[in-house]
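This report refers to the structure that appears directly beneath it.
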Amino acid sequence: MDRAMLLGLLSLCTPLVQGIGFKQELKLELRPDLQPEYQPERTGPQAASAPSLDAAHKARTMSAQALQYFRGIDNLGGHTRPLLLMTLRSNEVVSIGGDFMPSEEFDSSGEERRQTQGEALPWGIGSPRAGDSAPVFQYSGMPTLDFPKSAIEYSLEAGGNLQSFSSARQDVKLITQVLENVTNGFFLDTNGGDGERPSNTLLLELTGWRGLITEPMIYTYADLWGKMRKAWIFLGCMSPHENATKIGFDIDGNIDERSGHRIHAYPINSFLAEMGGLTTVDFWNLKTGHYEAEVLNETLIKSGSNIEFGVILVSFDGRAAGLGDSPWVQFRSKDDTETLIWTIFATAGFSYIGGLDAYMTEDATPRLVYNDHVFVNPAYFTARNIPVPGAVKAAPPPRMAVPGNARSWQGFWDTWDEGLTPDQEVDAFVEYISKAKAAAAATEIVPYAHRVDPSHAP
């Protein structure tokens, strides 16, 4: 090997000796609100100046530019908020120890894609790191609500079909038996899922209702956003007390303070203040992942007692042990939860009118139970001169094989009373839509810009 070739090989290996090679100078760029002059003084164990073993290892293997980057990370390691530590322009390339170095052909193909497809993500969906997506804007003290998509048509699996979107026709039962005299109202749907299947509020929305949907699970929220619901939507949940906080959820959407997925939570007053200071929620579909009693107590008895509620559909369950240290995650059986919820509703002046989403237990002697429970506020209805609903009847439970005493169950499903027949429900729903349209019709002549007040004529 001649001397010229040897020198060429050594020059190619120089970036590997340094540890990190930079095509252009790497700039350390901190978020504006986390520049050094704004940083609080670090105290306690994190303030020690002695380098860690990891830092010492870096010092032996990294170049000066790389050390500058890692020192920036170390200096900001005490902060829990997401940090944007390094910004690279599109023509800057960082390689770690000899990674792929793009050719000019590769770079030009990427530029072509950017010109045809655009650099940004689709409208409304953005990266939290870049701070360009309001619903998931993590740098804000209070993430903003995403506004209703009133000017964009729905994107539903059902297409343009008008049907029940609930798991057990809860929406139809509520409209035809409980809310038949309440049109174009405002709903609150907590932990509303993907906004369509299942949804207890979508059918209401299609008849003219508007509302707020909260959803704490990120991927489910993305599906919800894509439905283009005509409601406010929020990536988060309800607070169990009067202050803003963060709540942890497991993969199934149930509360778990040990979870790494912790999401913003706010009380009812904070949400309604953001939407113009509303003071009435006509229908609340309440499901929070096993801390419904705490949310109800805070909303109906404490800080949210100034808000008027009409009808509340609540589903709940017990809580297992070992979910964290907060009061709202401590162990509690389903029976104790039910007793607590009934006490809260009674204290707030609500009446229980029945259950929805019926099913049969698989006990030795099966029994009928309900997943959802309907409570109404008599004061809400009397203030509007509307008859107070006295009962609601559910769709029949799914059929199941009944062991042992099957003879006593003969005719159980055939004689089930669900209030109205299917034909009667259709007629009642058509009448409901007619009332909703009439209530939403303009009561004054629409003014036109070209009209001139004759009193100002010369």
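The values are calculated or read from the model by the stated rules, or taken from the named source; none is laboratory data. This structure is a prediction, so every number in the text was calculated from the model and none was measured. FYI the Cβ positions are ideal-geometry reconstructions off the backbone, even for glycines, and counts take in every protein chain you see. The accessibility values were calculated without ligands, DNA or RNA, using every heavy atom of the protein model including side chains. Shrake-Rupley method; radii C 1.70, N 1.55, O 1.52, S 1.80 Å.
Scanning the stretch 306-315 for residues being within 20 Å of the chain's Cα centre (by Cα) and either among the polar types (S, T, N, Q) or open to solvent by 40 Å² or more (accessible area, probe 1.4 Å) (or both) gives a total of 1. Somewhere in the stretch 433-448, is a residue basic (Lys, Arg), surrounded by 10 or more Cβ atoms within 10 Å (Cβ to Cβ) and either part of a loop (DSSP other than H, G, I, E, B) or modelled with pLDDT of 65 or more (or both)? Within the stretch 433-448, one or more residues are basic (Lys, Arg), surrounded by 10 or more Cβ atoms within 10 Å (Cβ to Cβ) and either part of a loop (DSSP other than H, G, I, E, B) or modelled with pLDDT of 65 or more (or both). Total residues in the stretch 228-239 satisfying the condition of being touching a strand residue (DSSP E or B) at 6+ places or on another chain (Cβ under 9 Å) and assigned to a loop (DSSP other than H, G, I, E, B): the figure is 5. Against the condition acidic (Asp, Glu), assigned to a loop (DSSP other than H, G, I, E, B) and open to solvent by 30 Å² or more (accessible area, probe 1.4 Å), how does GLU242 come out, does it pass? The answer is yes for GLU242. Scanning the stretch 170-184 for residues that are buried (at least 20 other Cβ atoms within 10 Å of the Cβ) and either β-branched (Val, Ile, Thr) or assigned to a loop (DSSP other than H, G, I, E, B) (or both) yields VAL172, ILE175, THR176, VAL178, LEU179, VAL182, THR183.
Among the residues of the stretch 232-244, is any farther than 30 Å from ASP325 by Cα, at pLDDT 90 or above and of a type outside the set (S, T, N, Q)? Checked the stretch 232-244: at least one residue is farther than 30 Å from ASP325 by Cα, at pLDDT 90 or above and of a type outside the set (S, T, N, Q). Of all residues in the stretch 368-380, those being of a type outside the set (Ser, Thr, Tyr), touching a strand residue (DSSP E or B) at 6+ places or on another chain (Cβ under 7 Å) and outside any strand (DSSP E or B) number 2.
Based on what the data block shows, is ASP189 among the acidic types (Asp, Glu), open to solvent by 20 Å² or more (accessible area, probe 1.4 Å), closer than 19 Å to GLY289 by Cα and in contact (Cβ under 8 Å) with a residue 24 or more places away in the chain? Judged against the criteria, ASP189 is not a match. Residue-level check: of (1) aliphatic (A, V, I, L, M); (2) in contact with a strand residue (DSSP E or B) (Cβ under 7 Å, 6 or more places away or on another chain); (3) open to solvent by 70 Å² or more (accessible area, probe 1.4 Å), ALA401 misses just (2). Would the stretch 181-191 turn up any residue that is farther than 21 Å from VAL376 by Cβ and within 15 Å of the chain's Cα centre (by Cα)? Yes, that holds for at least one residue.
Residues checked against (1) open to solvent by less than 80 Å² (accessible area, probe 1.4 Å); (2) within 27 Å of LEU203 (Cβ to Cβ); (3) under 27 Å from the mean Cα position of the chain (by Cα):
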position: ASP325; (1), (2), (3): no, no, yes
position: ILE341; (1), (2), (3): yes, yes, yes
position: TYR352; (1), (2), (3): no, yes, no
position: ASP357; (1), (2), (3): yes, yes, yes
position: GLU362; (1), (2), (3): no, no, no
position: THR365; (1), (2), (3): no, no, no
position: ALA379; (1), (2), (3): yes, yes, no
position: TRP413; (1), (2), (3): yes, yes, no
position: VAL426; (1), (2), (3): no, yes, no
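If you check GLU196 against the conditions, is it at pLDDT 95 or above, of a type in the set (D, E, K, R), open to solvent by less than 20 Å² (accessible area, probe 1.4 Å) and touching a Leu at 6+ places or on another chain (Cβ under 7 Å)? Taking the combined requirement at face value, the residue satisfies it. Scanning the stretch 283-305 finds one or more residues that are basic (Lys, Arg) and either within 24 Å of TYR154 (Cβ to Cβ) or buried (at least 16 other Cβ atoms within 10 Å of the Cβ) (or both). If you go through the stretch 269-282 and pick out every residue that is out of contact with any Phe, Trp or Tyr (no Cβ under 9 Å at 6 or more places or on another chain) and open to solvent by less than 10 Å² (accessible area, probe 1.4 Å), you end up with 1. Which of the residues spanning the stretch 251-266 are surrounded by fewer than 16 Cβ atoms within 10 Å (Cβ to Cβ) and in a loop (DSSP other than H, G, I, E, B)? Hits for the stretch 251-266 are ILE251, ASP252, ARG258, GLY260, HIS261.
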